[in-house]
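Just below is one structure, and these are the notes that go with it.
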Amino acid sequence: MIIDHNKPRLITTQQYLESVVSVLDRNDLSLEFLAVNSESAAVTELDNDGDIQAVLLSWETLGDAVADSSIIDAIKSRRLEVPVYVTGEDEVGFDIVSCSSKIEAFFALHDIASDPESCLAYIINDFDDRSETPFWTAYKKYAVETNDSWHTPGHSGGASFRSSSYINDFYKFFGRNMFISDLSVSVDSLGSLSDGTNAIGKAQNLVANTFEVKHSYFVTNGSSTSNKIILQTLLREGDKVIIDRNCHKSVHYGIVQARALPLYLDSILDPKYGIFAPPSLSQLKAFISDNKDAKLIVLTGCTYDGLLTDLKQVVDYAHQFDIKVFIDEAWFAYSLFHPQYREYSAINAGADYVTHSAHKVVSAFSQASYIHINDPDFDKDFFKEGYVLLN
Ligand SMILES: Cc1ncc(COP(=O)(O)O)c(C=O)c1O
């Protein structure tokens, strides 16, 4: 989307960029340009068109005040991942880029005129980086290019089913790709989930970057296991844990396994809807006052019924007493990426540990889960013990 209040220049910029699309030889992409000449039109387009992947903004649309980057804030509050490139006269480029950390890059107008191909290639290159899928790409390549299987499982890429006169319909139902993709952990080039190496490690790092955390880990047994891994990492016998009585049973189980001491916050029934609400902040504060030596607070972020709570207040208060906060966001993996929910996101609120059932409300296969960690005192080595054993 190109934004420029100066209509003739808006049209010229669009024409320059359109003129080089065929030269770039990217038939895998469908490139379209949308030209708007006001901030309000840009915001409306962003609200209605989820396919917009880059914004080219003429700095003059921001008005005389050089520091006014409100349009950039408006764009980023809607689509954080969409890069904003600013265009303007060469001599003000440095000043412009210094105005907002949210500006991806600056293109001088005369460069767009003289070499639109390099500007567009730059934007597409950023898009390629954003859509990189290191694990999936390596996995597909390995599965497709490997024509024999010297590892478990014993169906050997489906050969035993395919050759069976009794159960070859099993092979036919799922098809070849399913069987050749059923790989063992011993395929070293794909990396190790336990060690976070190679393609898996790269994918985990990209997830951490996307979710704005220091570390992200993939878990293959659901958030039930993610929750237990975190509790096993953080709790020792007798440690006090303040928890919502309505936490998922995996949380209760993890606390029992660690032989820690749960301090239960009351469940609050919302009589109007007949559903449980999150625990009250006042009770939580009272619990903390009486138990300043508590190790951890565990709450459910977005309850099973979809109720939200102001987690930032909880996190800020707990951190004053050096109490770590772990939020089970099994049902809220998208929270950070929706302008309406971002404020309620556990990561945005500053929680130390967050779990997401990637298979529940985003598109992962069954039981895929994320652990996200922002705890400055995170003990990676100790965490790895539980992660490897339970995962
Ligand atoms: C709040 C909460 N946490 C954790 C879980 C467990 O999730 P998973 O199915 O990913 O193990 C559930 C399951 O419904 C849940 O509701």
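Bear in mind these aren't lab numbers, they're just calculated from the coordinates by the rules spelled out. It should be emphasised that the depicted structure is a prediction, and the values quoted were computed from it without experimental measurement. Counting neighbours? That spans all protein chains shown, and the Cβs are built from the backbone with ideal geometry, glycine included.
For Thr133, list long-range residues whose amide hydrogen, built 1.01 Å from N in the peptide plane, is under 5 Å from its own amide hydrogen.
Placed amide hydrogens put nothing under 5 Å from Thr133.
Would you give the gap between the C-alpha center of the range 280-322 and the C-alpha center of the range 220-268, rounded to a whole Å?
Answer, in whole Å: 14.
Distance in nm between label sites at Asp377 and Glu91, each 7 Å beyond Cα in the beta-carbon direction?
5.6 nm
Label 7 Å along Cα→Cβ of Asn177; the range 362-391 residues with amide nitrogen under 20 Å?
Inside the label zone: 363-368.
Over the alpha carbons of the range 2-130, what is the largest minus smallest coordinate on each principal axis, giving the biggest first in Å?
Computed over the range 2-130, the largest-to-smallest principal extents equal 40, 32, 27 Å.
Suppose R0 equals 51 Å. What FRET efficiency, 1/(1 + (r/R0)^6) with r the Cβ-Cβ distance, do Val144 and Ala277 give to the nearest 0.05? Present the calculation step by step, with values, prior to reporting the outcome.
Values: r = 50 Å, r/R0 = 0.99.
Result of the calculation: an efficiency of 0.50.
How many nm separate the modelled label positions at Trp136 and Asp293, each set 7 Å beyond the Cα in the direction of the Cβ?
In this crude spin-label approximation the distance works out to 5.0 nm.
Could you give each residue of the range 276-289 its phi-based ³J(HN,Hα) in whole Hz, using Karplus coefficients 6.51, -1.76, 1.60 with θ = phi - 60°, and x for Gly or Pro?
Result, ordered by residue: 7, 9, x, x, 7, 5, 5, 5, 4, 5, 5, 4, 5, 4 Hz.
Going highest first, how would you order 40-50, 363-373, 103-113 by mean Cβ packing within 10 Å? Please report the intermediate quantities before stating the final value.
Working: 40-50: 13.5, 363-373: 18.0, 103-113: 16.0.
Result, highest mean Cβ count within 10 Å first: 363-373, 103-113, 40-50.
Using only DSSP helix segments of four residues or longer, with each worth -39500 (n - 2.57), what per-residue ellipticity at 222 nm results for the chain after dividing by its residue count and rounding to 500? Walk me through the intermediate numbers first.
Working: 17 runs with 159 residues, N = 391.
Computed ellipticity for the chain at 222 nm equals -11500 deg cm²/dmol.
Given a Förster distance of 56 Å, report the FRET efficiency between Leu29 and Ala159 from their Cβ-Cβ distance, rounded to the nearest 0.05.
Plugging the Cβ-Cβ distance into 1/(1 + (r/R0)^6) gives 0.90.
Once you sort the root eigenvalues of the Cα gyration tensor of the chain as a ≥ b ≥ c, which label holds: rounded (a/c under 1.5), prolate (a/b larger than b/c) or oblate (the other case)?
Working: a/c = 2.34, a/b = 1.25, b/c = 1.87.
Because a/c hits 1.5 or more and a/b fails to exceed b/c, the chain counts as oblate.
Indicate, rounded to the nearest 5 percent, the antiparallel portion of the DSSP beta bridges found entirely in the range 133-287.
Numbers: 3 of 8 bridges.
Beta bridges within the range 133-287, antiparallel portion: roughly 40 percent.
Output the relative contact order of the chain, whole-number percent, from Cα pairs under 8 angstrom with separation of 6+ residues. Intermediate values should be presented prior to the final figure.
Numbers: 621 pairs, mean separation 45.2, N = 391.
This gives 12 percent for the chain.
Order the peptides 241-249, 148-156 from the highest to the lowest mean number of other Cβ atoms within 10 Å of their residues. Please report the intermediate quantities before stating the final value.
Working: 241-249: 20.0, 148-156: 12.8.
Going from most to least packed, we get 241-249, 148-156.
Would you mind getting me the FRET efficiency between Thr44 and Gln15? Use the beta-carbon distance for r and R0 = 30 Å, nearest 0.05.
E(calc), rounded to 0.05, equals 0.80.
Is any residue of the range 72-88 close enough, with backbone N under 20 Å, to a label point placed 7 angstrom from the Cα of Asp115 along the Cα-Cβ axis, and if so, which?
Residues 85-88 qualify, since their backbone N sits under 20 Å from the label point.
What are the lysines whose alpha-carbon lies under 29 Å from the alpha-carbon of Lys240, with same-chain residues fewer than 8 places away excluded?
Candidates past the 8-residue exclusion: Lys214, Lys228, Lys249, Lys285, Lys292, Lys295, Lys312, Lys324, Lys380, Lys384.
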